[in-house]
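For reference, the structure is listed below as structure tokens.
Nothing in this text is a laboratory measurement; each read-out follows from the coordinates by a stated rule. Fair warning: this is a prediction, and the values are worked out from it, not measured in the lab. All Cβ positions, glycine included, derive from the backbone under ideal geometry; neighbour counts span all protein chains shown.
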Amino acid sequence: MKITLSRKGFDSASGGCPNPIFPDGSMLALPIPDRDASVRYQDLVWRGRRLGELVPNMTGGKPRAHYGAHLDPDLDPAMRPRATGWRPVFGQVGPAQGHLRNEGVAVGDVFLFFGLFRRLGDDDRFVRGSPAIHAAWGWLQIGEIAVVDRDRSRLAWAGDHPHLAMQADPSNTLYIAADKLRLPGALELPGAGLFGTFSPKLRLTAPDSTGPSTWLLPAWFHPEGRGSALSYHGKAIAWERCPEGVRLKTVGRGQEFVLDTKDYPEAIPWLADLLRPTGTR
């Protein structure tokens, strides 16, 4: 099995700010702006609140409620009305999809989505002095892989997913969630979902780091003596052992970082432990 750490949601380049961790600890990865999307921020609802209200408050007015939202990965069934047979789904295309293909990502593998987060106050403004950190926010275990140009006729349930609106591209791919998560040591969970509440276990950024891109990971993540490395991170200079585990200077490029559990069997119980204590929806 392969675990892909997949960078998704708002950041300084896409959306203009981090994703929010609310005062009650709940967290939300926001879909990035997409002027070609038919879905608007005002169409999306999270815990009874429209994103068309929240997002402009957070960003100082941009993007606005009527701006298009690239709702991908699309994991939350309650965020908008759904067609019969809808399933959680994630799309990828171009070089990022080529990387997943070259890494052999297949049915049964798991995406662990992460993004940039920061604490938000009751006034929808980020808490002064609070750091921006990378944290995991959701998962999807692949139950089916669809090539959009080939399989479009059987994807009507995906409705207006942004990858169905793209021009013809042989790399355009949808990863459709399994019905149930199949992972040794995990609780009975759906094949895709959100971590409902922030937990220190979900934090990737090292506690003492001055920026979000230096991570603190378990010591076994270090590639020394392994048959492979976390993709895009094969250079030894990126890794530094420390008493708490291993520090990783993550690359700025790339959306998908793939880890092969054949070479890192410790990753399976690590992922199960991430999932086990967290609230899900």
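Things to note:
- Here the Karplus relation 6.51 cos²θ - 1.76 cosθ + 1.60, evaluated at θ = phi - 60°, turns the backbone of the stretch 177-185 into coupling constants of 5, 5, 5, 10, 6, 10, 8, x, x Hz, with x for every Gly and Pro.
- For the cross-link pairs K62/K201; K180/K262; K180/K201; K2/K180; K62/K249; K8/K235, the ones whose C-alpha atoms lie over 28 Å apart are K62/K201; K62/K249.
- Interchain or long-range residues, amide H under 5 Å from W46's placed H: L51
- Using θ = phi - 60° and Karplus 6.51 cos²θ - 1.76 cosθ + 1.60, couplings along the stretch 209-223 (whole Hz; Gly, Pro as x): 6, 7, x, x, 8, 9, 9, 10, 10, x, 4, 5, 5, 4, x
- Per-residue ellipticity at 222 nm from helix content only, as computed over the chain with -39500 (n - 2.57) for each DSSP H run of at least four residues, stands at -3000 deg cm²/dmol.
- Less than 5 angstrom separates the built amide H of R40 from those of A69, all sequence-distant by 5 or more or on a different chain.
- In terms of surrounding Cβ atoms within a 10 Å radius of their Cβ, C242, C17 rank from fewest to most as C242, C17.
- Recomputing semi-axes √(5λ) of the Cα gyration tensor in Å from the coordinates shown identifies the correct label among (i) 28, 24, 17; (ii) 60, 26, 16; (iii) 39, 20, 15 as (i).
- Cα extents of the stretch 154-281 along the three principal axes, largest first (Å): 51, 35, 31
- Taking only the Cα atoms of the stretch 198-261, the ratio Rg/Rh comes out at 0.94, with Rh defined as the Kirkwood radius.
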